[in-house]
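Undergrad: This is the structure, below, for whatever I ask next.
The values are calculated or read from the model by the stated rules, or taken from the named source; none is laboratory data. No experiment lies behind these values; they were computed from the predicted model shown. Don't worry about glycine lacking a Cβ; one is built from the backbone with ideal geometry, like all the others, and counts go over all protein chains shown. The protein model used for the area step is the full one, side chains on, heavy atoms only, and it has no ligands, DNA or RNA in it. Shrake-Rupley method; radii C 1.70, N 1.55, O 1.52, S 1.80 Å.
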Amino acid sequence: MTASPARASRTPLSALNATAAAVLLLMGAAPALAADGGPDAVINIGSLYEPQNLDNTAGAGQGINEAFNGNVYEALFRLDDDGTVSPGLVKDYKVSDDGLTYTFTLQPGVTFHSGDPLTSADVKWSIERVTSADSKSSRKNSLKPIAAIETPDDATVVVKLSSRSISLPYNLSYVWVINDAAKDLQSAEDGTGPYALDGWQRGAQLAIKRFDKYWGPKPENGEVVFKYFTEATALNNALLTGAVDVITSVQSPDSLAQFKDNPDFTVAEGKSTTKLLLAYNDRVAPFDNVKVRKALARAVDDKKLLEAVWGDYGTLIGSFVPPTDPWYVDLTKVDAYDPESARALLAEAGYPDGFTFTIDTPNYDPHPLAAQFLQGELAKVGVKVNINVITANEWYTKIYKAHDFQATLQEHVNHRDIVFYGNPDFYWGYDNPKVTELIKASEEAATVDEQTEKLKEANIQIAEDAASNWLYLYPQIVVSKTSVSGYPLNGLNSQFFAYGIKKAD
């Protein structure tokens, strides 16, 4: 699976009128407005994250990982909800003594939803489409050590590396294995997962149905329908009225009281990897000046912003690394809130009277609110902020691809994504050769302990450079009907495994 760096847009919710229902029936997915429990139950999942398309190498956003990863598509390895990596389509594997050759044996008897058998050629093709020049995968850089892929027989894949890659199994968990004969992957699919696509009504819902020829354990339900909303209030109301059974990630903390004190609902808090940050274009003035970046970090009261958005929920972390990563260090005291120091640093950097810049912000919550908060905070130290509100599609084209911006607000959902700061070509343009070398050396490490120490050092350096302004770590709150159980709590990389979800009779 390859996760997009930022979440997808929140597309408009269309009413399920007679015309829409007819469209769904033509697509093979009747609207699932109610369903009994048991092994054939329909699970209705409420979400704010509709995919932009169905291809995770084509800028589909976080919504496609939520709906498809582990459900429709599988990888050689699986990132479990507790952060461990376990075998997926790999039955077993071995590594050469020099760490440069991985030999994978595939699970037997695996078929794609089209009926074609899984072969090593499909795996080779799937990896190469992620690493290709046309790929828009944010994880492409992590797979650069792959020098060649060989397929000596249908059940064996040999991956040869140009340098050691201690994270290769983890990185391969981002690579969906797709039938090499598949077409139109932005609107169709051909995976090996426990569910097959059963219809997508853009702006309303996406349905996946149990695949009866699945090679692994049978899902605990018969069908899953992801229903999409543009506002947290509408999403919460859908749960209250029974239109959905579970909400993947609550975005309105003020609403939790109505669920916490109600015996009809379960509120569960997991571990989040979603970070809200103000990312600078470190290539351009004045953000190429570390003193300016540090000044802006000290000018913003992150705690006040977190409380305004999330109340008692969420965490301040002071860096891009959440506590769930092994190389986490508490860096909240680096460039802590200190407006007087911020003014002094701006003067040292040559901006005693401040300067003006523009924040490009996505148009969905909490970004506009956060942008206004930053505007007010930075004005106190003489820095004027203009706010330019854009759609998620515009963000992807303007910011992520064209690097046409001064600063931007964005949330990054990925697990273990400090590696992005080791890529000078990434959208924010941070380029510290020491960090690049540390991240490269960490990947070539012989042991996990060595890898961890190098990434801790990189994390500290990135924070000292104030490469971005990491505002806070989101909470991860899942709310469901009490009759529903078996859903994931942590949602790493926004994945939401549906196959274990049960609905009581």
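Undergrad: Please compute the volume of the convex hull spanned by the alpha-carbon atoms of the chain and report it per residue in Å³.
TA: 133 Å³
Undergrad: Okay, moving on. Any chance you could check the Cα centroid distance between the range 210-271 and the range 100-163 for me, in angstrom?
TA: 34 Å
Undergrad: Which of the aspartates and glutamates could be linked to Lys260 by a straight reach, that is with a Cα gap under 15 Å, when you skip same-chain ones fewer than 8 residues away?
TA: Glu269, Asp312
Undergrad: Given a 1.4 Å probe, how much area per residue of the range 88-169 is accessible, in Å²?
TA: 45 Å²
Undergrad: For the range 73-173, restrict the atom set to alpha-carbon positions and state the Rg and Dmax in Å.
TA: 13.2, 39
Undergrad: Let me ask another. Per DSSP helix of 4 or more residues, -39500 (n - 2.57); summed, then divided by the residues of the chain. What does that give at 222 nm, rounded to the nearest 500?
TA: -6500 deg cm²/dmol
Undergrad: Work from the charge dipole of the chain (Cβ charges, +1 for Lys and Arg, -1 for Asp and Glu, about the Cα centre) and give the residue of Thr397, Ser485, Tyr93 farthest towards its positive end.
TA: With unit charges placed on the Cβ atoms, the residue in question is Thr397.
Undergrad: Assign unit charges at the C-beta atoms only (+1 for Lys and Arg, -1 for Asp and Glu), then state the dipole size of the chain relative to its Cα centre in Debye, rounded to the nearest 20.
TA: That gives the chain a dipole magnitude of about 520 debye.
Undergrad: HN-Hα J couplings of the range 373-380 from phi, Karplus 6.51/-1.76/1.60, θ = phi - 60°, integer Hz, Gly and Pro as x?
TA: These are the phi-based 3J(HN,Hα) values: 4, 4, 4, x, 5, 6, 4, 5 Hz.
Undergrad: 5 Å is the cut-off here: which amide hydrogens, built 1.01 Å from N in the peptide plane, fall below it relative to Asn490, excluding neighbours closer than 5 in sequence?
TA: Amide H neighbours of Asn490: Lys271.
Undergrad: Still on this model: Shape of the range 97-243 from its Cα gyration tensor (a ≥ b ≥ c, root eigenvalues): rounded if a/c is under 1.5, otherwise prolate when a/b > b/c, or oblate?
TA: The shape class here is prolate.
Undergrad: What accessible area per residue comes out for the range 275-473, rounded to a whole number of Å², with a 1.4 Å probe?
TA: 39 Å²
Undergrad: Whole number please: convex hull volume per residue, Cα atoms of the range 224-351, in Å³.
TA: Here the figure is 162 Å³ per residue.
Undergrad: Just the Cα atoms of the range 341-478: what Rg and Dmax do they give in Å?
TA: 17.1, 50
Undergrad: On the protein heavy atoms, probe 1.4 angstrom, tell me the percent of accessible surface of the chain carried by carbon and sulfur.
TA: Roughly 49 percent of what the probe reaches on the chain is carbon or sulfur.
Undergrad: By a straight-distance test (C-alpha under 25 Å), which lysines pair with Lys440 as possible cross-link partners, with residues fewer than eight away in the same chain excluded?
TA: By straight Cα distance, Lys440 reaches Lys94, Lys124, Lys136, Lys140, Lys144, Lys160, Lys275, Lys401, Lys454, Lys456.
Undergrad: Now, a different point. Of Lys144, Lys440, Lys481, which has the most accessible area with a 1.4 Å probe, and how do the rest follow in descending order?
TA: Putting Lys144, Lys440, Lys481 in descending order of accessible area: Lys144, Lys440, Lys481.
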